[in-house]
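The values are calculated or read from the model by the stated rules, or taken from the named source; none is laboratory data. What you see is a predicted model, and the numbers here were worked out from it, not measured in a lab. Positions of Cβ are backbone-derived with ideal geometry, glycine not excepted, and every protein chain shown enters the neighbour counts. Only protein heavy atoms, including side chains, enter the accessible area calculation; ligands, DNA and RNA are left aside. Shrake-Rupley method; radii C 1.70, N 1.55, O 1.52, S 1.80 Å.
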Amino acid sequence: MAILIVDDDPVQCRLLEGTLQKFGYETVTRDSGDAALALLTAPEGGRIDGMILDLVMPNLDGLGVLAKLRQASIKVPVIVQTAHGGIDNVVSAVRAGAVDFFVKPVGAERLQISLRNALNASALEGELNRIKHSRSGTLGFTDIITKSAGMLAVLRMAEKAAASTIPVLIAGESGVGKELIARAIHGSSERRAKPFVAVNCGAMPENLIESILFGHERGSFTGATERHIGKFVEASGGTLFLDEVSELPLTAQVYLLRALQVGAIEAVGGRKPVKVDVRIISATNRKLLDRVKGGQFREDLFYRLHVLPVTIPPLRMRREDIPHLLRHFLARFSAEQSRHITGISGEAMAYLSQLDWPGNIRQLENTVYRAVVMSESDQLGLSDFPQAANTPSPPISSAPSEPLVVEPVSNAIVPAMVSGIEIPIAPLAAAGMLSMLTNTGDVRPLEELESEIIRFAISHYRGQMSEVARRLKIGRSTLYRKIDEAADADPAGGGTERS
């Protein structure tokens, strides 16, 4: 979780920064309202989860920042602070959109509770908006929770697709959110006022596929007591989402190909074709080209659907999204089940971020649901996730191990798995003793020295990957890449296979 601190007082900035980092947060500082707005309106502003804003600053003050945030529809939870208290300041800040207010200097416990409540409220509001947009067919790309660079690239491609009627084929493992992306494409397109109709191609009885897709006339076959319009006509003017399209039998593929070629369908028992205007988005959890090579999927239909392929990475390849997904699922299920659960412990967060999650986001969601229902305390701990603890897949981590909520990180020495390499989360005894020579007296390769420095930094900063990257003055994505490269080069790393 990244918190933006905006204050023209450098001392106050450093105090807040140190306190928040002790709670496990990544911090970003700016010394003016203009600088803060420049960050939040830039592409990298999407990684900011909350903001602590000083009200009294030269040029653009705190109230001015809040007004501009509202104009730009930037929904970052803001806590304002000032050295001058007073009810007028409180009322003005809250009316301008602030979620909380405190007077300098703020105590650590007060800051902890305020920030936790603000982030939880923001997560719950986001979940409610997402549900509302999904039901109304106006789900957009801003409703998708992600901080992953790989996933953001997928969303940029999908946004381009939304501006046209180009057929899109969404590939990805089960549970990664293929239908969510399809709904976002529809909700961001000119067809958003029209129906979004989803069809699970793997769940339709083979003898009824033609009827379900294209409809049938009354009496056209045994049991057809009423006329049925079919999914193509139902989605007319909108989007037809063909989920698990690879499961269609070859006979049904012929009918589908014909409908796509001529832009018309013919109901079972119908006398003439009916023109339809639908946008086709299909999805599969299989490698469709392999199915084509194996004779299980028509090549001509493949090229009709595979005009713009979009591949969603599995959750194990975007672990930085896990804390954000957990917060949103926790907020939603706590509200639905009327449970007052404030967050997840740092120990549980670190462990959950290391798991492979073979069921992807769907598995993560169900795991949090169970934990919320079964928990007997106001904070979820490692014992509340027995399903995750018993997972057969080994934890291979390249994700930050910050706690989900603002709870102090335990001082216990716990081993962390980074790219399959176990690293003790405690300072190494050999600090400052980096060996520069090999046993033969030659200078050690730069890659080895770099790898050893990174290992020491991870150990020294107790697995806080944001802090490690900041202290080494490199980006987090660069840090994870270097860790992966070190694991690949290290024969003791076990040759960990990564997807």
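Only protein atoms count toward the accessible area here, which uses a 1.4 Å probe; on region 218-350, the carbon and sulfur part of that area reaches 48 percent. When only alpha carbons of region 161-229 are considered, Rg and Dmax amount to 15.7, 43 Å. A simple spin-label model places pseudo-atoms 7 Å from Cα toward Cβ; at Met317 and Gln296 they are separated by 2.1 nm.
Using C-alpha pairs under 8 Å with a sequence gap of at least 6, the mean separation divided by the residue count of region 227-322 gives a relative contact order of 32 percent. Rg and Dmax of region 109-258, based on Cα coordinates, read 19.5, 72 Å. Return the carbon/sulfur percentage of the accessible area of region 1-93, one whole number, probe 1.4 Å, all protein chains in place. Within region 1-93, the accessible surface is 53 percent carbon and sulfur. Placing unit charges on the Cβ atoms of the charged side chains and taking the dipole of region 272-357 about its Cα centre, the candidate lying farthest along the positive direction among Leu289, His328, Ile341 is Leu289. Placing a pseudo-label 7 Å from each Cα along the Cα-to-Cβ vector at Glu336 and Arg227 gives an inter-label distance of 3.9 nm. The residues neighbouring Gln261, those whose beta-carbon lies less than 15 Å from its own, together hold a net charge of 0 under the Lys/Arg +1, Asp/Glu -1 convention.
How much length is gained if the chain between Asp442 and Ala35 is pulled fully straight, taking 0.36 nm per residue apart and subtracting their Cα-Cα distance, in nm to one decimal?
141.7 nm
With a threshold of 21 Å on the Cα-Cα distance, the over-threshold entries among Lys147/Lys287; Lys194/Lys231; Lys75/Lys178; Lys22/Lys473; Lys22/Lys104 are Lys147/Lys287; Lys75/Lys178. Along its first, second and third principal axes, ordered by size, region 1-82 spans 34, 25, 17 Å in Cα coordinates. Dividing the alpha-carbon radius of gyration of region 186-335 by the rule-of-thumb value 2.2 N^0.38 Å gives 1.23. Taking max minus min of the alpha-carbon positions on each principal axis, region 209-289 gives extents of 39, 27, 17 Å, largest first.
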